[in-house]
Amino acid sequence: MAETSQHGEHGAPATGETRRDFLILAAGAMGAIATIAVVWPLIETMNPAADTLALSSTEIDISGIEVGQAIVVVWRGKPVFVRHRAPEEIEEARKVSLDDLGDKQSDEERAKKAEWLILVGVCTHLGCIPLGTKQGDPRGDFGGWFCPCHGSHYDTSGRIRKGPAPRNLEVPPYEFLSDTLVKIG
């Protein structure tokens, strides 16, 4: 068998760093760089696109909405109803007994400021858009919204009162930035 020498060139002692060690380190470094080159784009594709991030929140100036009027804005591709409720609508919503509701939520839980109601305008039954935001639209038996697809009736707080819808209209995350500016999302 051949013996390995403990000496380098010209009989000098070996330092422990050989050409093989250098090749192993170089190959490991190249492998790490190749892994990063493959993984980085994969991770970047999981980040939301700039147009998606732009839709993640919407600011609305509510100063021009009269009492009793509602508008529709788009947030994340969905209609959002913003209604400036009259005192009668607020009173009517607050005097409803929670025992009369299928999806039990009080009006206070659904509106951060009593006069402003902000809801995602998609029926919780099959995703139709309820009527009740435009002047002359049918508002159903409870003065809120009416879904023409299958007959769900929502009250002035967006709670399901009659029909096949299983849940109330969704309240999106929102905050009042000032008395006249609301940020949804």
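The values are calculated or read from the model by the stated rules, or taken from the named source; none is laboratory data. Quick caveat: nothing in here was measured; it's all calculated off a predicted structure. Ideal geometry is used to build each Cβ from the backbone, glycine not excepted, and the neighbour counts take in all protein chains shown.
Brief remarks follow.
- Taken residue by residue, the stretch 34-41 has at least one member that is out of contact with any Ser or Thr (no Cβ under 9 Å at 6 or more places or on another chain), of a type in the set (Ser, Thr, Tyr), surrounded by 10 or more Cβ atoms within 10 Å (Cβ to Cβ) and at pLDDT 85 or above.
- Members of the stretch 17-32 found to be part of a helix (DSSP H, G or I) and surrounded by 10 or more Cβ atoms within 10 Å (Cβ to Cβ), listed by number: Asp21, Phe22, Leu23, Ile24, Leu25, Ala26, Ala27, Gly28, Ala29, Met30, Gly31, Ala32
- Per-region count, the stretch 101-136, residues part of a helix (DSSP H, G or I) and either in contact (Cβ under 8 Å) with a residue 12 or more places away in the chain or polar (S, T, N, Q) (or both): 3
- The stretch 150-173 - residue that is at pLDDT below 90 and farther than 19 Å from Val96 by Cα and, of those, surrounded by the fewest Cβ atoms within 10 Å (Cβ to Cβ): His150
- Filter pass, Phe142 being assigned by TED's automatic domain parsing to the domain that holds Glu59, at pLDDT below 90 and of a type in the set (Phe, Trp, Tyr): yes
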